[in-house]
Amino acid sequence: MKGLLLACAALVSLPSIAQAETIAITGGKVVIGDGSAPIENGTVVFRDGRVVAAGKGIAIPVGARTIDAQGKWVTPGLVAGFSRLGLVGIDAVDQTNDSVARTSPFGAAIDVAPAINPDVAAIGVSRVAGITRAIVAPETAQSMFAGQGAVIDTGIDADAVTRPRAFQFVEFGEAGAQEAGGSKAAAHVYFRNALAEVRDYMAGSRAVPSPHESLLKRPDMAALVPVLNGQKKLLVHVESAPDILAVLNLKREFSKLDLVLVGASEGWRVASQIAAANVPVIASALNDLPENFEQLGATQSSIGRMKAAGVKVAIGMINDNDSRQAQYSAQYAGNLVALTRVPGASGLSWDAAFAAITSKPAEIIGMAGEIGVLKSGARADVVLWDSDPLELSALVTAVWIDGVPQSLTNRQTRLRDRYRVPTEGALPKAYDR
Amino acid sequence: MRQNTGFLVLASSLVLAGCATVKQPAKTVSTEAAVKPVKVDKNPYPSTYKPYAGVPTLLRNVTIFDGEGGRIDNGSVLFADGKVKLVGGAITDADIPADAITIDGAGKFVTPGIIDIHSHLGDYPSPGVDANSDGNEATSPTTPEVWAEHSVWPQDPGFSRALANGGITSLQILPGSANLMGGRSVVLKNVYSRTMQGMKFPGAPYGMKMACGENPKRVYGAKGRMPSTRMGNLAVNRQTWIKAQDYKKKRDSGKEYTRDVGMDTLAGVLDGDIKIQNHCYRADEMAIVIDMSKEFGYKVAAFHHAVESYKIADLLKENGICSAVWADWWGFKMESYDAIPENAGILQNAGACVIIHSDDANQIQRLNQEAAKALADGRRLGFNISDATAISWLTYNPAKALGISDMTGSLKPGKMADIVLWNGNPLSVYSRPDKVWVDGALLFDAADPKRRPVSDFELGQPGEGDVK
């Protein structure tokens, strides 16, 4: 963000001030985001785009600008745990939809970073809902490997990519089977062959199969090198309990794989195995329909049960309006709290639910302490709310990203303001702006 | 979860399926035998729904949203024999039947059963495999001859989730939106049955689904046939209405005429017996449809997915047309790009009729939450909208637009005892149904696993009987 802001001549003086300034938000109910309880009358101090301190009894630095947050909640910005945010303008308008490449010859090599478009309306809609970062993955098309996803911010500036090529995304389960030729068995062969080709590729040119012999293109192999050697996370979409176990078994053959499960609607059925394998999950929160034969056991209690079994779990929204409704994250988290009051159901405490949309996705994607938490050294993504952020009536009243204050207007608020009174006045609505 | 597309994706995949396997059936439904009908049976697939047994029940110490915008704090609701008996603050012992059970609901809330005016449960059931995809007869741009009830699979697991999580007691199942005239809808009680007829809401009028905009022109334009434009949409509609007027004239003349299943439905609309439920996103298109309805003499009950209603709230109020809307769906297709979360609030403030609908097997489980979001967004504009009014968006207003408000949709003596007891304010994310009664029968009880339906499909499969 900083680079771009400095590049905007007209704005140079403003953000410089914002960057240099020390801001202390006082008197609010502070949520750290790490699963600890909210702190009444807490303080959050940030400077140069980073959190200096947050909590109770924090000294306010001399010269700090103080913002009174009495009666308000102060939280880290929410992290959309799995999304396609920034890749899609309008889903059904193909030219604006960069989430999938149906006829590309490449798979694993695809890198969403240059396609992230901070101008899509979904970024502005997410920002006013308190989402400040998102984990963004491509979709698969020709290969079970979708490509490399990124972590982005939702700031109003043009530089949205926080961490490019943060992970590789692969489809197992029904979708992976489809893309690998038609069966789950074929998907496992395809996957193993791909990593075998990558091994050969790493071993040196002598062993690299000719393009005629290999299934992967060279850029795909190159992209998978850090996956095979465990330097890059491999996010795996899988839903059913048997498919989850088959994916966990991959670690026996490829011990360095840094696996993260995505979706996992039946994760509760094999929660202890997931916990034992020490594999975290970015899970769908409210999937509770047997929408297909790999989700027969889907239940809203899945996350609660996985958490209880010791699985590290965050909320994500795979295939659930993931291009534009990251704003549902807080509502989903709130629903998991609701489950704690339903006999027989498993949910999350408020503190754990809030962590599932802030620090947990950050930790799972390898950015612990960097985003999704109000701790010293973290990026100053700070949100002020007028009330409980998981409640349906909560309103975001201020957002900072990397310490930079953000606009809370977007296309929707402009339309709203134009049509607050629907009838036309002295001039057509087109003149009302 | 499915992506919310207003059945865009499903519609297009269905079209392919239709091309591959279905011969054009367009005219085969017209009976060729030109016998003079003595009397047309308007109800050939009648409801066999019968209320299940209930016990007289008194809910006391509850906060009541009556569905018509009323709120009673610390109130009581008494129901017996499947009907609401008394609602209010002061119910005396003399009013209470000797065999009544009393539930003390301190901290709990009572609403009428929730009604979803726009659902495809049963027609697009779970699992959403091709073999179950029965919601769009996308083989002709006008298929008034199809009836959604003939696709309803009464074993859809979605009905149980809608009951347990959403407190849904009645719902309208509509054909999809691939066609300009998609066919008849059916109103169901959300009570499992072996047959569709066993779920049919007794006495509910039929509806007919129409669709504006992108879907019909895309589906048929892609086949190289009319309509491929919005003007084509209107042209096909108008030609069809002219035929319907002609048919009605012949039918009403008392002379011999050849029955046509589709024309029966359109004539039923012109008679005022069948309600038009019109999928329409854009304000300008709604305005054109309003004029078309006047041109041919019918009335639109509700515009569904009406994301731009806020732009013409005054026009909708003037014409007495409800807007069935989402709280915050937007941007999934071009015609949903101008959706704003204040849509419902602006409509309410203008005095127009608001309904919150789902069109989705997931969000039907949280219509109360969708209403809460829309309410909060409306209040932020400074509009004074009560909690009780927001509840009317899910109860009395959809009942009115479906023509069943004399039977359900509010807690008034004599009406069906379709009732939800919530474990907190239903406008809070932290609240869920505690108990749901349909016609006075307890069909969901959070505290009793035996009062939780499991469809045939789920029996013996992973997660069966799990608290979903």
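The table below lists the values:
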quantity	calculated
Hits in region B:396-421 - residues which are assigned to a loop (DSSP other than H, G, I, E, B), β-branched (Val, Ile, Thr) and crowded, with 24+ Cβ neighbours inside 10 Å	B:THR408
One residue from A:ALA54, A:ALA69 being crowded, with 18+ Cβ neighbours inside 10 Å, farther than 14 Å from A:GLY377 by Cβ and in contact with a Gly (Cβ under 8 Å, 6 or more places away or on another chain)	A:ALA69
So A:ILE315, is it in contact (Cβ under 8 Å) with a residue 24 or more places away in the chain and assigned to a loop (DSSP other than H, G, I, E, B)	no
Search result, residues across region A:105-126 that are away from chain B (no Cβ under 14 Å) and part of a helix (DSSP H, G or I)	A:ALA113, A:PRO114, A:ALA115
From A:GLY147, A:GLY81, A:GLY107, A:GLY124, residue being out of contact with any helix residue (DSSP H, G or I) (no Cβ under 6 Å at 6 or more places or on another chain), at pLDDT 95 or above and crowded, with 24+ Cβ neighbours inside 10 Å	A:GLY147
Matching option when the condition is away from chain B (no Cβ under 14 Å), part of a loop (DSSP other than H, G, I, E, B) and either in contact with a Pro (Cβ under 7 Å, 6 or more places away or on another chain) or of a type in the set (A, V, I, L, M) (or both), among A:ILE90, A:ILE60	A:ILE60
Flag if B:ARG251 is of a type in the set (D, E, K, R), surrounded by 17 or more Cβ atoms within 10 Å (Cβ to Cβ) and part of a helix (DSSP H, G or I)	yes
Odd one out for A:ARG324, checked against (1) buried (at least 24 other Cβ atoms within 10 Å of the Cβ); (2) closer than 23 Å to A:LYS29 by Cα	(2)
Meets criteria (under 30 Å from A:THR96 (Cα atoms), within 9 Å of another protein chain (Cβ to nearest Cβ) and out of contact with any Phe, Trp or Tyr (no Cβ under 6 Å at 6 or more places or on another chain)) for B:ALA361	yes
Entirely in region A:334-425, the helices (runs of 4 or more DSSP H) that have 2 or more residues that are within 8 Å of chain B (Cβ to nearest Cβ) and modelled with pLDDT of 95 or more	A:411-419
Tally of residues being among the charged types (D, E, K, R) and more than 25 Å from A:ASP48 (Cα to Cα) across region A:355-400	3
Output for region B:110-151, where each listed residue is buried (at least 24 other Cβ atoms within 10 Å of the Cβ) and of a type in the set (A, V, I, L, M, F, W, C)	B:VAL110, B:ILE114, B:ILE115, B:ILE117, B:LEU121, B:ALA138, B:VAL146, B:ALA148
Unmet criterion (only one of (1) surrounded by fewer than 24 Cβ atoms within 10 Å (Cβ to Cβ); (2) facing another protein chain (nearest Cβ under 9 Å); (3) of a type in the set (S, T, N, Q)) for B:ASN384	(2)
Residues (crowded, with 24+ Cβ neighbours inside 10 Å and either more than 20 Å from B:PHE383 (Cβ to Cβ) or at the interface with another protein chain (Cβ under 9 Å from one of its Cβ atoms) (or both)) located in region B:348-358	B:HIS357, B:SER358
Of all residues making up region B:272-311, the number that are over 23 Å from B:ALA235 (Cβ atoms) and not small (Gly, Ala, Ser)	5
Positions within region A:267-285 being buried (at least 22 other Cβ atoms within 10 Å of the Cβ) and either within 7 Å of chain B (Cβ to nearest Cβ) or not in a loop (DSSP other than H, G, I, E, B) (or both), in sequence order	A:GLY267, A:TRP268, A:ARG269, A:VAL270, A:ALA271, A:ILE274, A:VAL281, A:ILE282, A:ALA283, A:SER284
Residues of region A:286-320 satisfying the condition of being within 9 Å of another protein chain (Cβ to nearest Cβ) and under 19 Å from A:ALA355 (Cα atoms)	A:LEU286, A:GLN300, A:SER301, A:MET317, A:ILE318
Region B:422-452, residues that are among the small types (Gly, Ala, Ser), away from every other protein chain (no Cβ under 14 Å) and surrounded by fewer than 20 Cβ atoms within 10 Å (Cβ to Cβ)	B:ALA441
Filter result for B:LEU270 (at pLDDT 95 or above and under 20 Å from B:SER140 (Cα atoms))	no
Scope region B:294-315; condition among the aromatic types (Phe, Trp, Tyr) and at the interface with chain A (Cβ under 10 Å from one of its Cβ atoms); matching residues	B:TYR310
Subset of region A:347-385 [buried (at least 22 other Cβ atoms within 10 Å of the Cβ) and among the polar types (S, T, N, Q)]	A:THR358, A:SER359
Some residue of region B:431-445 being under 24 Å from the mean Cα position of the chain (by Cα), among the acidic types (Asp, Glu), in a loop (DSSP other than H, G, I, E, B) and on the phi > 0 side of the Ramachandran plot	yes
Filtered residues of region A:172-184 (kept if touching a strand residue (DSSP E or B) at 6+ places or on another chain (Cβ under 8 Å) and buried (at least 24 other Cβ atoms within 10 Å of the Cβ))	A:PHE172, A:GLY173, A:GLY176
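Per-residue answers, yes or no, for (1) within 20 Å of the chain's Cα centre (by Cα); (2) within 14 Å of chain A (Cβ to nearest Cβ); (3) closer than 18 Å to B:CYS353 by Cα:
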{"position": "B:ASN237", "(1), (2), (3)": "no, no, no"}
{"position": "B:ILE242", "(1), (2), (3)": "no, no, no"}
{"position": "B:ASP273", "(1), (2), (3)": "yes, no, no"}
{"position": "B:GLU285", "(1), (2), (3)": "no, no, no"}
{"position": "B:ILE288", "(1), (2), (3)": "no, no, no"}
{"position": "B:MET292", "(1), (2), (3)": "no, no, no"}
{"position": "B:LYS317", "(1), (2), (3)": "no, yes, yes"}
{"position": "B:TRP329", "(1), (2), (3)": "yes, yes, no"}
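The values are calculated or read from the model by the stated rules, or taken from the named source; none is laboratory data. Keep in mind that what you see is a predicted model, and the values were worked out from it rather than measured. Note that we place each Cβ from the backbone using ideal geometry, even for glycine, and neighbour counts take in every protein chain shown.
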